[in-house]
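Written below as C-alpha cells is the structure these notes are about.
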Amino acid sequence: MKIDATGGSDVAPADVTPLVQLVAPDGSRVVGPDDAALRERVAHLTTDDLRAMYRDMVLTRRFDDEATSLQRQGELALYAQSRGQEAAQVGSARALAGQDYVFPSYREHGVLHVRGVDPVDRLRLYRGEDHGGWDPNEHNVHLYTLVIGSHALHATGYAMGIQRDGLVGTGDAARDAAVVTYFGDGATSQGDVNEALVFAAVNNAPVVFFCQNNQWAISEPTTKQSRVPIYRRGEGFGIPSVRVDGNDVLACYAVTAEALERAHSGGGPTFIEAYTYRMGAHTTSDDPSRYRDLAEEEQWRRRDPVERLEALLRAEGGWDEAWAAELEAEAEAYGERLRDGVRALGAPAAETIFDHVYATDHAQVAAERAWFREYESATAGEEVAR
Amino acid sequence: MSTQTTTQTLTFARAITEGLRAALESDDKAMLMGEDIGRLGGVFRVTDGLQKDFGEARVVDTPLAESGIVGTAIGLALRGYRPVCEIQFDGFVFPAYDQITTQLSKMRYRSRGRLEVPVVIRIPYGGGIGAVEHHSESPEALFAHTAGLRVVSPATPQDAYDMIRAAVASPDPVLFFEPKGRYWSKGEVTLGGPVPDAGTPGVLDTARVARAGEDVTLVAYGPTVATALKAAEALAAEGTSAEVVDLRAISPLDVPTVAESVRRTGRCVVVHEAPSFLGVGAEIAARVSDECFYSLEAPVQRVAGFHAPYPVAKLEHEYLPSVDRVVDAVDRALSF
Ligand SMILES: Cc1ncc(C[n+]2csc(CCOP(=O)(O)OP(=O)(O)O)c2C)c(N)n1
Ligand SMILES: [Mg+2]
C-alpha cells in the first residue's frame, strides 16, 4: 500500500460494506439472506408503533427547525441540528429499557425526545443559560458533553458500576440494565473513545457504543479519521460490531435491541456504526458550502429517514390522512410551546456563578462571592462603562 | 527572501494568517496542523487559503485528536520540522495536556540539549463571545507553570503578526494564546521584514508600554489590554493618569518593565480573564512587592476571573473583568 504526505492513503474507507437494512429508501421491506433474526426483532411492531416512531421523528425535526430559527432570532447562542439522523436516534432510543442509561454527545435531540427530556430544558445549554439543563437521573440521560469523546469513558465506567450492582444477567428484563453512549465519526479518533473500547472489552461491560457516522466532523470527511469502515474499529478491540443503515429506523431499532440484549444478559459491549448523514450545517456557526458538494447533499436528501418511514407506512396501509393532519397540528402546537418556553427563560441570577463549585464551604469561593455581592450592590444602578 | 515591508490595515485574525504565511514562505520545514484548518480554513478562518497555497502536506487537516496532534507534532519536530498546531478552542487543549507538559516541555532538558522540539501551539482563548461551555476559557497559567514552555499572548494585530513569526522561529516550544474576542479588531500591520532572530530578546520576551501614565500601572495581556486601555481612557476623564503595560509574554515574565513602571506610579492593578487564585496576577503581585516595596502606595490589586468554572454565556459579563471593575480597583488603589 502506498501512502503520500497529503493526509490520505490510497485505501479509502470502502463504501461497499454491507449495511444492515430492513427498509429500503422506497419504503419496501428488505429481506436479506441472513437478517431473519433482525427481522424477528421488529416483527412485533404494530402500525401504532410505527406511527409512534414517525411522530418522534417528526417532532424531533420540528424541534430542529424551531431551535434553528430561535438561534437566528438571537434567542440561542448556538444550535447543532440532528436533521438527517432522526432514524438512528429514535430507532436506537426506542430499543432502550427505562432502567438503561444514556450518555449522549450534543446532537442527540431525538434520543432525548424519546427519553422524555423536556424540550425547553434541552435548549438551556444552547441558550447559554445553563451548562446542562436537566436532571440526568430523572430520565437516565446524562448531560450533553461538548468535549469530544470524553463521555464514552463515563458510559463505560457507569456500565462497570451496573455490573458491580449485580444488574447484568439476572434474567429479569425489568432489572437487567445497560448503557448506550452516542458519539460521532470524528470522535472515534479521540484517545478517550479508544480507551473506552479497551475498558469495555476487558471488563465485558454492558455498554453499547452507538457511533453516528454522519460522514462529517465539521469540515473533515470520515476519510480523515479512518481508512477502514468505522465499525471495524470496534472489531479491532474484540467487540462485536455492526454497520447499520442509520436512515432506517427499524434497522437501527433492531441492531440496538440485539446489542442491548447482549449487554443485559452479560454478553458485554457492542459497537454500532449508524451510517447516516448530517443534512444540515455542523452548527448554526458553520457554513458547509465551504467544504462539501450540493450534489452530495442532494444524494442524501433522497435517503431522508423521515420520508422513508412515511413510505413504509404508506406501502403497508399505515398512513392515514386524518392522522397525518393531526400530527401536523400537534407539531405546530409543539413548536409554539417551544418558542414560548425558550423566550420565557430569563438569565440566571449573577451570583449563581458561585453556586455548586464545591459541596461544602471553600474559603476562596466564599471570599469572592462576598466581594461580588458587595461590588454588585455598591455599583447597582451605576452607568456601565463597559 | 526579501526583507521589504508593506503596511496594511488587517484584522487581528488576518494578521496571524499573514504571519503564518510568512513563516511557511521563509522556512520550508514550517507546517500547520489541526482540525478543520485546511479546506475550511479553521473555525475562525485564521488559516484561510493557506492549504490552497501551500498544499496538503504542509497544511494538514488532522484526525480529531488533540493528543495525536501535539504528539505527532513532537515527532515531526524531532525529525526537523516546525509544526504549528491549532487547537480549535481553549477548552479542547486538555486531551493534549499530557503531551505538552510531560513531553514537549521537557525534551530539551532531558536530552541535555541534544534534542529540540520547536512546536508552536496556537490556542484561541478567552471569553466574551457568547459561546457555550469550554469555548471561553483562559488556561494560560496552567502552561506557564510548566518550565520549558514559552507562553505568550499578543494584544494587537501588529504583535500578532510579529509574535507568530517569532514563535515559529523559536527553538523552544511556544504556547501561543490568541484572544479570540479580538480576532475581528483591526489595526495597521507592517508586513515583511527579516525573520526574527531567536537569539535576541524580542516580542516573545518583552512587555510593551501600550499607554504612558503616572498615577497607576495597569498590567494586562491578550484580551484585557483593550479593557485596560478603555479603563485608562475613562480614568483620564476623571483626572487619573494610568499607564498600561501589555505583557505580551507570560513566560518569561518581563519583570523589569513592570517594576520600572510601578516604581514611577506607586500603584499596580493586574487585569486578566483567568481566575485570580494562583494566576499570573499573583506572580506579578509577588514580584512587584519584591522589587517595588518602597515605592508602593497601595497593595497590588487584581481584576480577574473567579474561582469558579467559566459561567454560562448569559453571565459571562458578570464574570469577566470589565472597565468598571478595573476603574473600581484603581479607585481602591488610589484611596488606600
Ligand atoms: C476535544 C474536542 N476537540 C475539538 C472539539 C471541536 N469540535 C466540536 S464538534 C467537532 C466535530 C465532531 O465530529 P463528529 O465526532 O463526527 O460528531 P458530529 O458533530 O458530526 O456529530 C469538533 C472538532 C471539541 N468539541 N472537543
Ligand atoms: Mg460526524
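Please treat every number below as a calculation from the coordinates, not as lab data. Everything numeric here is computed off the predicted structure, so don't read it as measured data. As a convention, Cβ positions derive from the backbone with ideal geometry for all residues, glycine included, and neighbour counts pool all protein chains shown.
Descriptive notes on the structure:
- Inter-chain neighbour count for A:350-358: the average number of beta-carbon atoms from partner chains within 10 Å of each residue's beta-carbon is 4.
- Across peptide B:302-312, the average count of Cβ atoms from other chains found within 10 Å of a residue's Cβ is 6.
- Two-decimal log10 I(q)/I(0) for region A:13-343, as the Debye equation yields it once each C-alpha is a single scatterer, q = 0.09, 0.10 Å⁻¹: -0.43, -0.54
- Note: chain B, Cα convex hull, 131 Å³ per residue.
- Over chain B, DSSP H runs of length four or greater, each weighted -39,500 (n - 2.57), average out per residue to a 222 nm ellipticity of -9500 deg cm²/dmol.
- Gap separating the Cα centres of region A:152-194 and region B:8-84, nearest whole Å: 37
- Between B:Leu278 and B:Arg114, the modelled label-to-label distance comes to 3.5 nm, taking each label 7 Å out from Cα in the direction of the beta carbon.
- Counting only other chain Cβ atoms within 10 Å of each residue's Cβ, the peptide B:313-321 averages 5.
- Gap separating the Cα centres of region A:90-131 and region A:318-350, nearest whole Å: 16
- Taking each residue as 0.36 nm, the span from A:Arg343 to A:Tyr375 lengthens on full extension beyond its C-alpha to C-alpha distance by 8.6 nm.
- Distance between the C-alpha centres of region B:231-291 and region B:308-336: 15 Å, rounded to the whole angstrom.
- Across chain A, the relative contact order, built from alpha-carbon pairs under 8 Å that are at least six residues apart, equals 23 percent.
- If you wrap the tightest convex hull around every Cα atom of the protein assembly as shown and split its volume per residue, you get 175 Å³.
- Mean Cβ count within 10 Å, highest first, over the residues of peptides B:136-144, A:257-265: B:136-144, A:257-265
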